[in-house]
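K.L.:
Below you will find the structure I want to go over with you.
The values are calculated or read from the model by the stated rules, or taken from the named source; none is laboratory data. Predicted, not measured: the structure shown is a model, and the values here were computed from it. Because the Cβ atoms are built from the backbone with ideal geometry, glycine has one as well, and the counts that use them run over all protein chains shown. Accessible surface areas use protein heavy atoms only, side chains included; no ligands, DNA or RNA. Shrake-Rupley method; radii C 1.70, N 1.55, O 1.52, S 1.80 Å.
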Amino acid sequence: MVGRRLVLVGAGHAHLHLLRQASRLRTAGVDVTLIAPPRFQYSGLASGVLSGALQPEAAEIDIAALAAAFGVRHLPQPVIGIDRAARLVTVASGETKPYDRLSLNIGSVASDPYGLISQKDVWPIKPLAALLALRARLETLWARDRQTVRVVVAGGGHSALEIAASLCGLAERNGVRPDVTVIAPEPGASLPPSARTRLLAALTARGVIFQTGVVVGRSKGGCHMSDGTVCPCDFLVLAAGLAAPSLIADLNLPVDGDGRLRVRPTMQSVDDPAIFAVGDCAVIDGHERPATGVFGVRAAPIMLSNLAALGDGRPARLYRPQRKWLSIMDLGDDRGLALRGQFWSLGGPALRLKRYLDLGFVRRMRAPAPSNGE
Ligand SMILES: Cc1cc2nc3c(=O)[nH]c(=O)nc-3n(C[C@H](O)[C@H](O)[C@H](O)COP(=O)(O)OP(=O)(O)OC[C@H]3O[C@@H](n4cnc5c(N)ncnc54)[C@H](O)[C@@H]3O)c2cc1C
């Protein structure tokens, strides 16, 4: 019989759902432990916090309180090692925890192919706490002498453009002229062409400069491009893609080009059925999707069913992610850009819908357990 010790690593979108449904796992005879840092920053509201429209607390979920409310044992530590042969995880304090099944929902990190993160005044787009620190630093500098801070955003995808818009919003709220340059081979290439034109025009009108290129190096007061030119820069935000945390590579299991664990539609590793993974750190064979929170949210009920099946022996369910999904960028000035397939809409209603959905998610996840169980 399959052992029933389930260890959840990371409190990402899917695991938040599992925590709230822990009684279902317990009823199925599964013993659950969560290992994750005690606080979680919700990415859907990160740009709203960076732009100064929201306070940091608006985006935060107290994981320790949530685990306690739903009766789940919680180790408030990052996992630093996984020994698949011995079925043991090691946390930062050195403590180890045995498992029969391990589920990973540990998100992603900023891609850094040129080793820029360790350099001075480089701010990776993840973890989201780094963006909060960036806001605090800019506000301190501006409060001191209203000096202009030249910020370069390396990357031209969805998140990079949203960060550039948020930085404009933060400068505008602080009464400072934004000085933001976006450097990418083709900014906004993943957007529908008409949406791209509209968004780039809206950002240009607020002072954003777009430059074609790839940032490969950093020195005091500048960042270096692959063609040898140097762009003046005080702060560099690294937003040129996301990759799986190194813990995934350490498993020695099949991964994709971004280091994400390859899983089956049951959310189990293609090579080790004891390892489940979901969200940004995983990719379902044949159903590759970009890194966005919605897939973890939608996969969660399937994960719950499959992990409960450890105890009650029912067959595994399959998760097939949808082909189209709604995403809404926060433009930092009370407008949003909503996208679904080729359809898009830019304006106030898009941002209001985003706030409704994102604040609603955080509120639901924070809600205490009902007194009569779940
Ligand atoms: C600026 C920005 C804005 C974004 N906006 C949106 C948006 O509006 N909507 C959207 O859907 N997506 C958005 N995304 C994408 C989104 O961040 C990710 O797709 C989403 O957070 C992935 O969710 P997840 O469930 O995989 O993990 P996450 O939500 O990232 O959670 C991972 C959890 O694992 C924990 N963890 C990490 N390592 C360890 C470890 N070693 N041990 C234990 N715990 C660990 C972390 O502390 C965290 O609690 C945005 C991304 C960025 C960078």
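K.L.:
For Ser246 and Ser194, FRET efficiency with R0 = 56 Å and r from the beta-carbon atoms, rounded to 0.05? Before the final figure, lay out the partial values.
P.N.:
Values: r = 39 Å, r/R0 = 0.70.
With R0 = 56 Å, the Cβ-Cβ based efficiency is 0.90.
K.L.:
Could you give the accessible area per residue of the stretch 183-276, probe 1.4 Å, as a whole number in Å²?
P.N.:
Accessible surface, normalised per residue, equals 43 Å².
K.L.:
Per residue of the stretch 262-277, in order, report the coupling 6.51 cos²θ - 1.76 cosθ + 1.60 (Karplus, θ = phi - 60°) as ³J(HN,Hα) in whole Hz, putting x for Gly and Pro.
P.N.:
6, 10, 7, x, 7, 6, 9, 3, 5, 10, 9, x, 7, 10, 9, 8
K.L.:
Explain nothing, just compute: Karplus ³J(HN,Hα) = 6.51 cos²θ - 1.76 cosθ + 1.60, θ = phi - 60°, for every residue of the stretch 362-368 in order, whole Hz, x for Gly and Pro.
P.N.:
With the stated coefficients, the stretch 362-368 comes to 4, 4, 5, 5, 7, 4, x Hz.
K.L.:
Residues with amide H under 5 Å of Arg39's amide H, sequence separation 5 or more or different chain, H placed in the peptide plane at 1.01 Å from N; which?
P.N.:
Ile63
K.L.:
Let me confirm the definition first: pairs of Lys residues in the chain, 8 or more apart or on different chains, C-alpha distance under 29 Å. How many are there?
P.N.:
Numbers: Lys97/Lys126; Lys120/Lys220; Lys126/Lys220; Lys126/Lys324; Lys126/Lys354; Lys324/Lys354.
Lysine pairs meeting the criterion: 6.
K.L.:
I need the phi-derived Karplus couplings for the stretch 318-328: 6.51 cos²θ - 1.76 cosθ + 1.60, θ = phi - 60°, integer Hz, Gly and Pro marked x.
P.N.:
So the J values, rounded to whole Hz, are 10, 9, 10, x, 5, 7, 10, 8, 8, 10, 10.
K.L.:
Please give, to one decimal in nm, the separation of the simple spin-label points placed at Gln147 and Val294, each 7 Å out from Cα toward the Cβ.
P.N.:
Here the modelled spin labels are 4.3 nm apart.
K.L.:
Could you order Leu16, Leu88 by accessible surface area, starting with the largest, using a probe radius of 1.4 Å?
P.N.:
Leu88, Leu16
K.L.:
In nm, give the distance between the simple-model label positions of Thr27 and Leu88, each being 7 Å from the Cα along the Cα-to-Cβ direction.
P.N.:
Output for this residue pair reads 3.6 nm.
K.L.:
Still on this model: When only DSSP loop residues count, what trypsin sites (Lys or Arg not before Pro) in the stretch 71-140 have their Cβ near at most 11 other Cβ atoms within 10 Å?
P.N.:
Those satisfying the criteria are Lys120.
K.L.:
Still on this model: If the viscosity is 0.890 mPa s and the temperature 25 °C, what Stokes-Einstein diffusion coefficient in µm²/s follows for the chain when Rh is the Kirkwood radius over Cα pairs?
P.N.:
114 µm²/s
K.L.:
By how many nm would the segment from Arg317 to Arg173 lengthen if fully extended, with 0.36 nm per residue of separation less the alpha-carbon distance?
P.N.:
The span from Arg317 to Arg173 would gain 47.0 nm if fully extended.
K.L.:
Give the accessible area for Thr96 in Å² (nearest 10); use a 1.4 Å probe, count only protein heavy atoms, and leave out ligands, DNA and RNA.
P.N.:
Thr96 has an accessible surface of roughly 70 Å² with all protein chains in place.
K.L.:
So how strong a dipole does the chain carry about its Cα centre when Lys and Arg Cβ are +1 and Asp and Glu Cβ are -1, to the nearest 20 debye?
P.N.:
880 debye
K.L.:
Same structure again: For Arg355, Arg144, give the ranking by accessible area with the largest first, probe 1.4 Å.
P.N.:
Working: Arg355 35, Arg144 170 Å².
Ranking Arg355, Arg144 by accessible area, largest first, yields Arg144, Arg355.
K.L.:
Further question on the same structure: For the stretch 93-165, with the dipole built from +1 on Lys and Arg beta-carbon atoms and -1 on Asp and Glu ones, taken about the Cα centre, which of Leu131, His158, Gln147 lies farthest toward the positive end?
P.N.:
Gln147
K.L.:
Which distance in Å, rounded to a whole number, links the C-alpha centroids of the stretch 93-158 and the stretch 1-37?
P.N.:
The stretch 93-158 and the stretch 1-37 have Cα centres spaced 28 Å from each other.
K.L.:
Still on this structure, I have one more. Under the 0.36 nm per residue contour assumption, what length would be gained going from the current alpha-carbon distance of Phe343 and Val230 to full extension? Can you show the working numbers first?
P.N.:
Working: separation 113, 0.36 × 113 = 40.68 nm, distance 3.74 nm.
Taking Phe343 through Val230 to full extension adds about 36.9 nm, to one decimal.
K.L.:
Have a look at Met225, Leu353, Ser190 and report the one farthest towards the positive end of the charge dipole of the chain, computed about the Cα centre with Cβ charges (Lys/Arg +1, Asp/Glu -1).
P.N.:
Leu353
K.L.:
In debye, nearest 20, what is the charge dipole magnitude of the stretch 98-200 about its Cα centre with +1 on Lys and Arg Cβ and -1 on Asp and Glu Cβ, if you could check?
P.N.:
Values: 12 positive and 9 negative charges, 47 e Å.
Using only the charged Cβ atoms, the result is roughly 220 debye.
K.L.:
Placing +1 at every Lys and Arg Cβ and -1 at every Asp and Glu Cβ, with all other atoms neutral, what dipole size does the stretch 128-255 have around its Cα centre, in debye to the nearest 20? Don't jump to the answer; show the numbers that get you there.
P.N.:
Values: 12 positive and 9 negative charges, 77 e Å.
Here the stretch 128-255 has a charge dipole of around 380 debye.
K.L.:
Determine the order of Tyr99, Tyr114, Tyr356 by accessible area, beginning with the largest, at a probe radius of 1.4 Å.
P.N.:
The residues order as Tyr356, Tyr114, Tyr99, largest area first.
K.L.:
Further question on the same structure: Which shape class applies to the stretch 139-242: rounded if a/c is under 1.5, otherwise prolate when a/b exceeds b/c and oblate if not, where a ≥ b ≥ c are the square roots of the Cα gyration tensor eigenvalues?
P.N.:
On the way: a/c = 2.13, a/b = 1.16, b/c = 1.83.
Oblate, because a/c is 1.5 or more while a/b does not exceed b/c.
K.L.:
Among Gly10, Gln21, Leu200, pick out the residue whose Cα is farthest towards the positive end of the charge dipole of the chain, where Lys and Arg carry +1 and Asp and Glu carry -1 on C-beta, about the Cα centre.
P.N.:
Gln21
K.L.:
Hey, got a sec? Which trypsin sites (Lys or Arg not before Pro) in the stretch 255-352 land in a DSSP loop and have at most 13 other Cβ atoms within 10 Å?
P.N.:
Answer in residue order: Arg323, Lys324.
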